[in-house]
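Comments concern the structure below.
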Amino acid sequence: MTLARSRALSFAWWTLPALLATSFVAAIAIGAVSLSPAQVLSALTGFGKAGLAADIVQAIRLPRALLAASVGAVLAICGAMLQGLFRNPLADPSLIGVTAGASFGASLAILLGAQVAAAFGSLPVVSIAAFGGGLIAVALVYQVAKGINGTSVATMLLMGIAVTAFSASLTGLMEYFADNEMLRRISLWRMGGLDAASYPRAFLMLAVLCGLLASMSRFGSALNVLLLGESQARHLGVDVERVKTLLIVLAAAGVGTSVAVAGSIAFVGLVVPHMVRLWVGPDHRQLLPLSAIAGATLLLISDTLARTVIAPVEIPVGLITALIGVPFFVSLLRNSRGAL
Amino acid sequence: MTLLHAQQVTVRTDQRTLVQNISLDINAGELVCVIGPNGAGKSTLLRALCGESRLAEGEVLFKNAHIESLSSRDRASQLAVLPQHNPLTFAFTGLELVALSRNPHATGIVRDREICLEAMSALDVTHLAERLYPTLSGGEQQRLQLARVMAQIWSAEEVGDRLLLLDEPATSLDIAHQYEMMKAVRAFAKGGVAVIMTVHDLALASGYSDRILALKRGRSMAYGDAETVLTAENMQELYGYGVTVVPHPVTGKPLVLADE
């Protein structure tokens, strides 16, 4: 590790967790009823007297903040994994077809299943359909890309584009036949939102996040070596086929679940890993955990803004992530051109 | 026991035979150069020797075991391969790139770092340790990649004799670094490594190899020391171009010069 790199790294490891903690507390404190940080802390720890503040925190804001943080972290980890796997800093989770497949599943469910919705408990039919659609799309992409000589990354990218285009036209067809109210619901769903946050959803997402975090230590160095190309990775003792399959399954499950509970939130999976890479370099052993923290922070801040900027109206969070992330990303790009 | 024993190696794709009936033995400390025109099957032969290509016929034994039967980690700790092209768009620093080579080993961070720095100083790339790989010139990148594959099998502590396969390592190096690189590889071989490399520069093959294998259309046309292989008749037949062979004024090794 070189001097400049290690300095950037330790700075990042100090700054990002602090930012995450701050934005988590802010997300809980800010809202229709403003709470002081002290009130937030006492409500979170369970000490102090029960009252309105504790109710607001525990029933409304805490599940939402947990969901925002875990969705952001999962999307960022999946993005970083896929960019490493495809050896392409432009790859994002939607490239393997999962987002478009999920959109199609959700549109179909909104169009056909509006009556039976909510019959499935806390995860309504739209979310289940979105998850199913995403997984089917990835399975299709993976089946075609898996040839006799192992999985071809180029075929997989092309197949991802094909499946995305196919699902997009099917979704378009759904929209064509939908009436005005359904059309509005479909397009709102596609912008992404955390307004349906609940403890079951938050815990589901946290469970997926824990799975990803646990796998990270195993895949960090394998992903580093994979950047040299598959044949070199094989010569360096990595079981390439197994790593590839596991990564695809993990990314599909992660993105699929997050799309199911929060709609498609663009930009986090593509740009957060990219920003962190520009900052601390491409070593996945650092990149994966730092991306997770940065993704969680970005989504917490975005969601807080989405709830409060023109309250009581909520803006879809997917629109905010790009609005606040892009200017930051562009300035980072301008400052470190050539160091991609 | 020979370190690498290849017998009647044949590689076919659906339509074409790429390499046919190549037999080759190499021991630790030896350096074999593979020469031949473009498309003669040099890279395919290297891929067959390291177990990457499936053999249609023949066998490759590494320390008396079939090369395909070794576990990937076993193989990675005693066999390193440098391919012709090494695209890498991610901004690793020079030292981080070389350090990737220690993936199959469990020697610890301190020892790994020592090994990486030794390998880098052998190839004169220590000053690139802090630079970002994508910003380096082609020759600098090539030397870093060489340092990487050498660091992968740097020490004999765990595994004994090792094998290094290099596909055109001299390409894009300037003339001084070409000879420095050959000397470094030579010295590396003396430490218990068998080296097989493909080269286009016949002066490098003549000056530094123990044996030369001339490949033409996938077949062995000549195999032996520089004096046996690098004759005017052989080279004319191999490349289809008129050449004269003269002894090197200083070392006396055969030097192949184009006629016009």
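Readers should treat all values here as calculations from the given coordinates under stated rules, not as data from a laboratory. Model, not experiment: these values are computed from the prediction. Positions of Cβ are backbone-derived with ideal geometry, glycine not excepted, and every protein chain shown enters the neighbour counts.
Each residue in B:Asp14, A:Asp55, A:Asp179 was given a count of other beta-carbon atoms within 10 angstrom of its own, and listing them fewest first yields B:Asp14, A:Asp179, A:Asp55. Remark: segment A:101-111, residue by residue, has Karplus-estimated 3J(HN,Hα) of x, 5, 4, 4, x, 5, 4, 4, 5, 5, 6 Hz, where x stands for each Gly or Pro and the curve is 6.51 cos²θ - 1.76 cosθ + 1.60 at θ = phi - 60°.
Rounded to 0.05, the FRET efficiency of the A:Ala18 and B:Lys190 pair, given R0 = 60 Å and the Cβ-Cβ distance, is 0.65.
Modelled spin labels at A:Leu246 and B:Glu118, positioned 7 Å past Cα toward Cβ, are 3.1 nm from each other.
The value of relative contact order for chain A, using C-alpha pairs under 8 Å at least six residues apart, is 29 percent.
Around B:Ser206, what is the net charge, scoring Lys/Arg as +1 and Asp/Glu as -1 over all other residues with Cβ under 12 Å from its Cβ? Result for the local shell: -2. Each DSSP beta bridge with both residues in the protein assembly as shown is either parallel or antiparallel, and the antiparallel ones are about 60%.
Distances between placed amide hydrogens fall under 5 Å for B:Met221 paired with B:Ala214, B:Leu215, B:Lys216, all partners being 5 or more residues away or on another chain. In plain terms, the residue of B:His177, B:His200 with the fewest other Cβ atoms within 10 Å comes first and the most crowded comes last, giving B:His200, B:His177. Summing +1 for each Lys or Arg and -1 for each Asp or Glu among the other residues whose beta-carbon sits under 13 angstrom from that of A:Ile56 gives +2.
Which shape class applies to the protein assembly as shown: rounded if a/c is under 1.5, otherwise prolate when a/b exceeds b/c and oblate if not, where a ≥ b ≥ c are the square roots of the Cα gyration tensor eigenvalues? It is prolate, given that a/c is not under 1.5 and a/b is the larger ratio.
Fewest-first ordering of B:Arg219, B:Arg16 by other beta carbons within 10 Å of each residue's beta carbon gives B:Arg16, B:Arg219. If R0 is taken as 30 Å, the Cβ-Cβ distance between B:Val110 and A:Ser215 corresponds to a FRET efficiency of 0.60. Rounded to the nearest 20 debye, the dipole magnitude of chain A is 720 debye, with +1 charges on Lys and Arg beta carbons, -1 on Asp and Glu beta carbons, and the Cα centre as origin. Between A:Leu112 and B:Asp225, the modelled labels are 8.0 nm apart [label points 7 Å from Cα along Cα→Cβ].
Highest mean packing first, where packing is the average number of other Cβ atoms within 10 Å per residue, the peptides B:158-166, A:88-96, A:210-218, A:162-170 line up as A:88-96, B:158-166, A:162-170, A:210-218. Between B:Val125 and any residue 5 or more places off or on another chain, the built amide H atoms are never under 5 Å apart. When a/c reaches 1.5 or more, the comparison of a/b and b/c decides; with that in mind, is chain A rounded, prolate or oblate per its Cα gyration tensor? Oblate, because a/c is 1.5 or more while a/b does not exceed b/c. Which of rounded, prolate or oblate describes segment B:4-258 when judged by the alpha-carbon gyration tensor and an a/c cut-off of 1.5? Taking the square roots of the gyration eigenvalues as a ≥ b ≥ c, segment B:4-258 is oblate.
Between helix B:109-122 and chain B, what is the angle of the helix's C-alpha long axis to the longest principal axis, kept within 0 to 90° and rounded to the nearest 10? Roughly 40 degrees between the two axes.
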